[in-house]
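Enquirer: My structure is below; once you've seen it, I'll send some questions.
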Amino acid sequence: MLTPEVEQAILELRASFPGVGFEVAEDGNGGALVTGTDFFIGDRFRPSRSWVAFAITFQYPATDVYPHFMRADLQRADGTPIAADGLSLAVWRGAQAVQISRRSHGWKQGLDTAAIKLMKVLEWLRGN
């Protein structure tokens with residue numbers, strides 16, 4: 001069973017990203033493992049679309065949503081290695097993935113939601 005705060009975060013994600021499917025799996029502790037499908041992540045990557053996944057823990061909203069993950073077959077369009085500048089190879093739910101390490105400095109409980117964090121991650125990936 002998800003905590004009410006995690007349920008609210010999932011509702012906010014769905015409202016903030018219309019047209020994106022969100023798969024949600026309970027983590028057994030009140031949190032959720034969330035995968036959003038088919039995001040445009042920018043022309044800096046090939047392919048330019050990916051799923052993006054993350055955990056919303058039972059401590060939410062008292063904790064930042066970190067890290068995020070995306071498809072493992074990504075390549076940078078300019079040919080530089082994927083494992084640089086906040087990206088690294090990792091495992092998400094037993095499968096290879098690219099980890100996006102974007103810790104929120106100045107994070108504020110109650111203001112920095114899971115949806116806002118995802119927006120910031122996508123903006124960073126797109127180079128905005």
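Enquirer: Hey, what angle do you get for helix 114-126 against the long axis of the chain, alpha-carbon based, 0 to 90 degrees rounded to 10?
Expert: Helix 114-126 sits at roughly 10 degrees to that axis.
Enquirer: Pull up all non-local amide H partners of Asp27: gap of 5 or more, or a different chain, and H-to-H distance under 5 Å with H placed in the peptide plane.
Expert: Under 5 Å from the amide H of Asp27 lie the amide H atoms of Ala32, Leu33, each far enough along the sequence or on another chain.
Enquirer: From the protein chains alone at 1.4 Å, what is the descending order of accessible area for Tyr60, Tyr66, largest first?
Expert: Largest accessible area first, the list is Tyr66, Tyr60.
Enquirer: Set the Förster radius R0 to 25 Å, insert the Cβ-Cβ distance between Arg14 and Ala83 as r into 1/(1 + (r/R0)^6), and round the FRET efficiency to 0.05.
Expert: For R0 = 25 Å, the calculated efficiency reads 0.20.
Enquirer: Further, regarding this structure: Rolling a 1.4 Å sphere over the protein heavy atoms, what is the accessible area per residue of the chain, to the nearest Å²?
Expert: 53 Å²
Enquirer: Still on this structure: Any chance you could give the angle, 0 to 90 degrees and rounded to 10, that helix 4-16 forms with the longest Cα principal axis of the chain?
Expert: Once rounded, the angle reads 40 degrees.
Enquirer: Which of the following values of mean projected area of the Cα convex hull in nm² was calculated from the structure shown: [x] 6.5; [y] 7.5; [z] 10.4?
Expert: [y]
Enquirer: Leaving ligands, DNA and RNA out of it, report the carbon-plus-sulfur percent of the accessible area of the chain at a 1.4 Å probe.
Expert: That share works out to 52 percent.
Enquirer: In nm, to one decimal, how far is the Ser101 label point from the Arg46 one, both placed 7 Å along Cα→Cβ?
Expert: Roughly 2.7 nm, to one decimal.
Enquirer: Right, something else. Calculated from DSSP H runs of 4 or more alone, at -39500 (n - 2.57) each and per residue, what is the 222 nm mean residue ellipticity of the chain, nearest 500? Could the numbers behind the result be given before it?
Expert: On the way: 2 runs with 26 residues, N = 128.
Mean residue ellipticity, 222 nm, calculated: -6500 deg cm²/dmol.
Enquirer: Return the single residue from Pro47, Pro61, Pro18 with maximal mean-square fluctuation; model: Gaussian network over the chain, springs between Cα atoms under 10 Å.
Expert: Comparing Pro47, Pro61, Pro18 in a Gaussian network model of the chain, the most mobile one is Pro18.
Enquirer: If I build a Gaussian network model for the chain, linking alpha-carbon pairs within less than 10 angstrom, which residue out of Val20, Val52, Val98 has the largest mean-square fluctuation?
Expert: Taking springs between Cα atoms under 10 Å, the residue moving most is Val20.
Enquirer: Can you give me the long-range amide H partners of Phe58? Hydrogens built in the peptide plane at 1.01 Å from N, cutoff under 5 Å, separation of 5 or more residues or another chain.
Expert: Distant-sequence amide H within range of Phe58: Gly31.
Enquirer: Of Gly106, Gly42, Gly79, which is the most mobile in a GNM of the chain whose springs link Cα atoms less than 10 angstrom apart?
Expert: Highest fluctuation of the listed residues: Gly106.
The values are calculated or read from the model by the stated rules, or taken from the named source; none is laboratory data. Please read these numbers as outputs of a predicted model, since none were measured by experiment. Quick reminder, even Gly has a Cβ in these numbers, built from the backbone with ideal geometry, and neighbours come from all protein chains shown. Surface areas here come from the heavy atoms of the whole protein model, side chains and all, with no ligands, DNA or RNA. Shrake-Rupley method; radii C 1.70, N 1.55, O 1.52, S 1.80 Å.
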